[in-house]
1. Condition first: farther than 23 Å from B:Phe287 by Cα, of a type in the set (Asp, Glu) and not in a strand (DSSP E or B). Can you find one or more residues in the stretch A:337-348 that meet it?
2. Tell me yes or no: at least one residue of the stretch A:463-482 is more than 10 Å from chain B (Cβ to nearest Cβ), over 28 Å from B:Ala44 (Cβ atoms) and touching an Asp or Glu at 6+ places or on another chain (Cβ under 9 Å).
3. Tally the residues that are under 11 Å from B:Gly13 (Cα atoms), more than 13 Å from chain A (Cβ to nearest Cβ) and not charged (D, E, K, R), restricting the search to the stretch B:26-41.
4. Take B:Cys154 and decide whether it is within 30 Å of B:Leu329 (Cβ to Cβ) and in contact (Cβ under 8 Å) with a residue 12 or more places away in the chain.
5. Based on what the data block shows, is B:Ser56 of a type in the set (Ser, Thr, Tyr), more than 9 Å from chain A (Cβ to nearest Cβ) and either buried (at least 24 other Cβ atoms within 10 Å of the Cβ) or over 26 Å from B:Asp179 (Cβ atoms) (or both)?
6. Report the residue count in the stretch B:8-47 for those that are more than 13 Å from the chain's Cα centre (by Cα) and assigned to a strand (DSSP E or B).
7. Would you pick out the residues in the stretch A:61-86 that are in contact (Cβ under 8 Å) with a residue 40 or more places away in the chain and more than 9 Å from every other protein chain (Cβ to nearest Cβ)?
Amino acid sequence: MAQQKEKPRVGVFVCHCGINIGGFVNVPQVVRYARTLPNVVHAEENIYTCSAEGIASIKEAIKEHDLNRVVVASCTPRTHEPLFRGACADAGLNPYLFELANIREHCSWVHMREPDKATEKAKDLVRMAVARVSLLEPQEEPEIDVMPTALVIGGGISGMTSALCLAGQGFKVYLVERKPELGGMLKKIYRLYPTGEEASRVIGDYVNAVMGHKNIVVLTSANIKDVKGYIGNFEVTVLKEGEEIKLKIGTIIVATGAIEFKPVGLYGYGRYDRVLTQVELEEILKGGKSAIDKRFFKLQRVVMIQCVGSREERPPRAYCSRICCMVAIKNAMIIKEWYPDSDVYVVYQDMQTYGKEYEEYHRRAREAGIRFVSYTKGSPPEVTALPNGRLKVVVYHALLGIRRELDCDLVVLSTPLIPYEDAKELSKMLKVPLGQDGFFFEAHVKLRPIDFATDGIYVCGTAHSPKDVGESVSQALGVASRAAIPMAVKRLRAEAITSVVDESLCSGCGTCIRICPYGAIQKDERGIAKVIEVMCKGCGTCGASCPERAISMRHFKDEQIIAQIHAILRRVAA
Amino acid sequence: MGEKASVLVIGGGIAGIQASLDLAGRGFQVYLLEESPTIGGRMAQLDKTFPTMDCSICILAPKMMECYRHPNIKLLTYCELKEVKGIVGDFNVKVLQKPRYVDEVKCTGCGVCAEHCPIEVPNEFDMALGIRKAIYMPMPQAVPRCMTIDKENCIKCGLCAKVCRAGAVDLQQQPKEMDLNVGAIIIATGFDQYDPREIVEYGYKRYENVLTALEFERWICASGPVGGHLIRPADGIIPKRIAFIQCVGSRGLKFGSPFCSSVCCMYATKEALIIKMHAPDVQVYIFYNELRAFGKGFQEFVNRARNEYEVKYIRGRPGEIKEDPKKSLTIWYDDTFTREIKSLTDVDLVVLCPALIPREGNKRLAEIIGVELDEYGFFKVKHPLFAPVDTTIPGVFVCGYCQSPKDIPDSVAQASAAAARAAEMLAQVRR
């Protein structure tokens, strides 16, 4: 680190972002101002600094003006910092000698009605960035070896699909399932929509393929007990029948699935024997017509009620469970097929028969004589028992404007898939978040739907949100690509921005060790705090809590931040 | 390790981009073929995305640039697939590079040529609502950042060549054929929009204040034809009342396609929110048949639109739209909850949400590659549940909307799925 400090030569690139910035901030004025700042030797404006032309312009300027620091004043580092850092690196500059001034989200977008003040604020932000960039130091990203072994948590259709695809690509896979057998939710299901296949047959084929694959080790009746480490080098403890198994793992896939909501207290569920959930119905259907006859004698009329416990006003079950409309159609058609003289009603709010096939599926059901009755949230159906043991459903048909009273033999409630209660524990162990609905929460809803923000951990299937088999399989194959990338590359670059302990100041109090959310700090043999760099995410919690001020953050040193504060105070003082 | 295995990805939208990045990231050589002058696809045309309201191009552009910068990705923009022969692990592919009449290496994309070009034509990227020149770049974030001359409209005046400081204009450029050998092929051709002119009652193209949803995305976008100002197309008046109509040519047996496009309820809700963010006082109505908010966080998004932004959802299919002399519109509709024929008057702007349909070009592509299409023109898969990205030919995979209607996250996840299957198959073929 004892490099001789060269004098900073800063280049500033101010982006118009089309009219996103340029429409409100006087960009040429900001550029002229930037040229007056200390250490700035070059400043220019770009229509889009992120365009190929803008990037080329940064690279050229680094060479032409011998720049050793770069500031881009544009948008958020969240989306664009890697791009601009990459441009610096391409031009031979350490990518950490770069700073973004966010004059869009922090300025032009929020001050659209005050262009003059917005321009002044943009200048302030640029001045702060220049002050900071001048003090930045080059950083190196440590390299990590990646163990080409994946852990798949959950042995349902998603987990088995991921395991098979990764194994097929040549990676070793541990598949951990807490139940004694593989198969997951589909083991409870009779037939699949829209193809009508028997789930048990399909699952049987999958289980055989998984059990027979030389690259897959299956651990059933097994639970994850502990997860340590980081991408490429996880140490996972699995508890199987009282025995602890330690695994060294490169990437982790969460495919833990979901369960159906049990609507206790709704529509007589739990009170009347003839009120079932769809999954409970499936389990009876698996026994064939005789199982139905045995339990209900004969089905003359069946009523299915949609959105039971889902699409509520408030979380956690404000969501639509996506699959229930098709599940109801499927089971309604099976009943109609077995009992052609029966009436089958589906009482719904909005039929979610989306996509290519399900609209047609819905149409087929109507042709088969399934009756669809629309209700609104404000006037839900009511279920009561009749003296003869049958049930009565009263529903206001919202489209026809009439009240219907339906005596029936069976009421089937379509309830949402909900996350497992212990998803919370797994989320804590893996240090990945859950959303307000309790499902695992991905890195970015739009463009990183199956990654977690934590590197090396991925999510698929109904652990992510309710979805059908085809969608679960798509995601399961998807994570088999995402997880394969680091394992195929074998070596990765880790975060450079980590915390550093000044050993001469550390008193060994252990505060940082207790507080670190990533378990990245340990005591060494002298009792002094030591940061495991590849595990450190650079969050700064330890630095803020250290009573001796012995911990600093690379790239966010006190002097660098104080320089920024001085820069902003300069105008306030003046 | 032998020679680096390679994959051809057809279609440079978000699905093709994601599949390319996944494969390139793990060391495959990727050829990303796109028929238009830039990658980016439909997502690049959108203003914002639901339910996070991210600026669409802002989250997409870094990925487009990543494709451009990636050492393992070769972009083949403005290219056509000509021929595919061979089998999995060994496809011989012929690609035709259409002439841009601009040297991709020399062009800096400065745009001076376009300033001088005297020919103005409707800009396809802006759904023909704005104009571009005969030498043009479809959008500011185009990748590659290179001008293209559209020969149909060019009058060969030579002004562009004269003013180009880089000497990049080359009017003598010829079509060029390229031969590639790839192990696998991924198809990701996306969608087209149904043309609602067929539904005469809605007056599309007859009434100036009736737009389609994709047109509206460009209209309201800051980089669009009117700089993102919320005005009426007919006269620039600031609208007070805007209505969206769902299922225009979708879920229909009479017009368009029988299937549901899966995304319209949500993007209409998003566009309604964009309007409310531009002008909180505008009244927004969404005419729907069944509100389909089945994805993660979607119902919550609709609740927000309904409760916080007071977007009005009306269950009913409009029968007819009438224009008055001031170009305002009246929507006659059947309110299916009250069973009354009603009208909504003084509507300044109607946004039709048309069916999103498979691309016309899929037929030609299917013939060249030898894969099958289904009755609607989507690429057929081996099994809708258990082999959702495998086409009818081994080594050829499919992802995104061209497989079946889906939104961006589902397309992205499926693009990774196609990449995984391609990698898996190549691992087995090469063993």
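1. Within the stretch A:337-348, the subset farther than 23 Å from B:Phe287 by Cα is A:337-346.
So of that shortlist, the ones also of a type in the set (Asp, Glu) come out as A:337, A:341, A:343.
If we keep only those that are not in a strand (DSSP E or B) too, we end up with A:337, A:341.
Taking every residue of the stretch A:337-348 in turn, at least one turns out to be farther than 23 Å from B:Phe287 by Cα, of a type in the set (Asp, Glu) and not in a strand (DSSP E or B).
2. If we filter the stretch A:463-482 for residues that are more than 10 Å from chain B (Cβ to nearest Cβ), which is where we start, we get A:463.
Still in the running and over 28 Å from B:Ala44 (Cβ atoms): A:463.
Within this subset, residues satisfying the condition of being touching an Asp or Glu at 6+ places or on another chain (Cβ under 9 Å) are none.
Checking the stretch A:463-482: not a single residue is more than 10 Å from chain B (Cβ to nearest Cβ), over 28 Å from B:Ala44 (Cβ atoms) and touching an Asp or Glu at 6+ places or on another chain (Cβ under 9 Å).
3. Result for the stretch B:26-41: 4.
4. Values: within 30 Å of B:Leu329 (Cβ to Cβ): no; in contact (Cβ under 8 Å) with a residue 12 or more places away in the chain: yes.
No: the conditions fail for B:Cys154.
5. Numbers: of a type in the set (Ser, Thr, Tyr): yes; more than 9 Å from chain A (Cβ to nearest Cβ): no; either buried (at least 24 other Cβ atoms within 10 Å of the Cβ) or over 26 Å from B:Asp179 (Cβ atoms) (or both): yes.
Spelling it out, it is not the case that B:Ser56 is of a type in the set (Ser, Thr, Tyr), more than 9 Å from chain A (Cβ to nearest Cβ) and either buried (at least 24 other Cβ atoms within 10 Å of the Cβ) or over 26 Å from B:Asp179 (Cβ atoms) (or both).
6. Selection size over the stretch B:8-47: 8.
7. First pass over the stretch A:61-86, keeping only residues in contact (Cβ under 8 Å) with a residue 40 or more places away in the chain: A:61-62, A:65-75.
Answer for the stretch A:61-86, where residues must be in contact (Cβ under 8 Å) with a residue 40 or more places away in the chain and more than 9 Å from every other protein chain (Cβ to nearest Cβ): A:Ala61, A:Ile62, A:His65, A:Asp66, A:Leu67, A:Asn68, A:Arg69, A:Val70, A:Val71, A:Val72, A:Ala73, A:Ser74.
This table checks each residue for (1) at pLDDT 95 or above; (2) more than 28 Å from A:Cys460 (Cβ to Cβ); (3) facing chain A (nearest Cβ under 9 Å).
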{"position": "B:Leu329", "(1), (2), (3)": "yes, yes, no"}
{"position": "B:Thr345", "(1), (2), (3)": "yes, yes, no"}
{"position": "B:Val350", "(1), (2), (3)": "yes, yes, no"}
{"position": "B:Pro358", "(1), (2), (3)": "yes, no, no"}
{"position": "B:Gly361", "(1), (2), (3)": "yes, yes, no"}
{"position": "B:Gly370", "(1), (2), (3)": "yes, yes, no"}
{"position": "B:Ile393", "(1), (2), (3)": "yes, no, no"}
{"position": "B:Gln414", "(1), (2), (3)": "yes, no, yes"}
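The values are calculated or read from the model by the stated rules, or taken from the named source; none is laboratory data. Treat the numbers as computed from the prediction; the structure is a model and nothing was measured. Ideal geometry is used to build each Cβ from the backbone, glycine not excepted, and the neighbour counts take in all protein chains shown.
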